[in-house]
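The values are calculated or read from the model by the stated rules, or taken from the named source; none is laboratory data. Here the structure is a predicted model, which is why all the values come from computation and not from measurement. For neighbour counting, all protein chains shown are included, and Cβ atoms are generated from backbone atoms with ideal geometry for every residue, glycine included.
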Amino acid sequence: MSVSKPILVLMGMKHCGKTTLGQHVSKALSLPFEDLDDRVSRIYTQRTGTYMPIREIFRTLGKSGFQELEVEGINQLIEVFGITSQNPVCILALGGGTIENPSALSVLDPFGYFIYLEETEEILLDRILRGGIPSFLNEEDPKGDFHRLYEHRTALYRTAANWILTTTGKTIDDLVQELVHHLHAGALNERK
């Protein structure tokens with residue numbers, strides 16, 4: 001595999017499939033899979049002695065406190081894997097909002113090959129609302145609120161992406177095959 005970055009970074013909106021695809025690609029490439037939200041949760045639990053779901057951590061710490069934990073989680077990941085080479089060492093799924101954390105992205109940028117998992121707004125909103133209206137959406141206008149968030153973050157994801165993988169209408173096997181083929185084709189030598 002011709003790879004120029006040690007961390008394959010999966011990013012995209014909530015419910016776009018980062019974790020599911022990451023776990024499958026991890027098996028296909030025999031690389032460990034990491035989820036940044038899980039790492040943030042572990043750091044918080046170690047510090048406080050209390051487990052809290054990721055949304056509750058965000059509510060408790062606020063945006064800036066949460067973003068500091070994301071930076072710490074990325075630094076921890078880099079240290080744990082001893083990232084010094086350009087060979088791939090892991091696959092990392094970012095939280096949906098990490099794209100709005102410039103400090104975290106600047107720490108990750110020298111090591112990460114960013115893959116944006118692009119899904120349609122309608123499909124994502126449907127998946128999100130299946131569990132009820134989440135706290136990050138306005139209860140009065142969840143569709144309009146999500147539309148604004150989707151437009152804003154999509155622009156950021158597209159700017160940060162080294163490669164865009166459209167997920168609409170594809171099975172997990174299709175996506176794994178497409179991503180692995182992309183990696184083996186040496187496309188990781190490209191840079192933004």
- Which helices (runs of 4 or more DSSP H) sit wholly inside region 1-103 and have at least 1 residues that are small (Gly, Ala, Ser) and without any contact (Cβ under 8 Å) to a residue 24 or more places away in the chain? 36-48, 54-80
- Hits in region 138-158 (condition: without any contact (Cβ under 8 Å) to a residue 12 or more places away in the chain and either assigned to a loop (DSSP other than H, G, I, E, B) or closer than 15 Å to Pro102 by Cα (or both)): Asn138, Glu139, Glu140, Asp141, His152, Ala155
- Among (1) out of contact with any strand residue (DSSP E or B) (no Cβ under 9 Å at 6 or more places or on another chain); (2) among the aliphatic types (A, V, I, L, M); (3) over 19 Å from Ser4 (Cβ atoms), Val107 falls short only on (3)
- Task: Would you please list the contacts, defined by Cβ atoms under 9 Å and residues six or more apart or on different chains, that run from a residue in region 108-132 that is more than 17 Å from Met13 (Cβ to Cβ) to a residue that is surrounded by 15 or more Cβ atoms within 10 Å (Cβ to Cβ) and among the basic types (Lys, Arg)?
- Result: Pro110/Lys5; Phe111/Lys5; Gly112/Lys5; Tyr113/Lys5
- Task: Go through Ile74, Ile91, Ile99, Ile83 for me and flag whichever is modelled with pLDDT under 95, closer than 28 Å to Val176 by Cβ and either buried (at least 19 other Cβ atoms within 10 Å of the Cβ) or of a type in the set (A, V, I, L, M, F, W, C) (or both).
- Result: Ile83
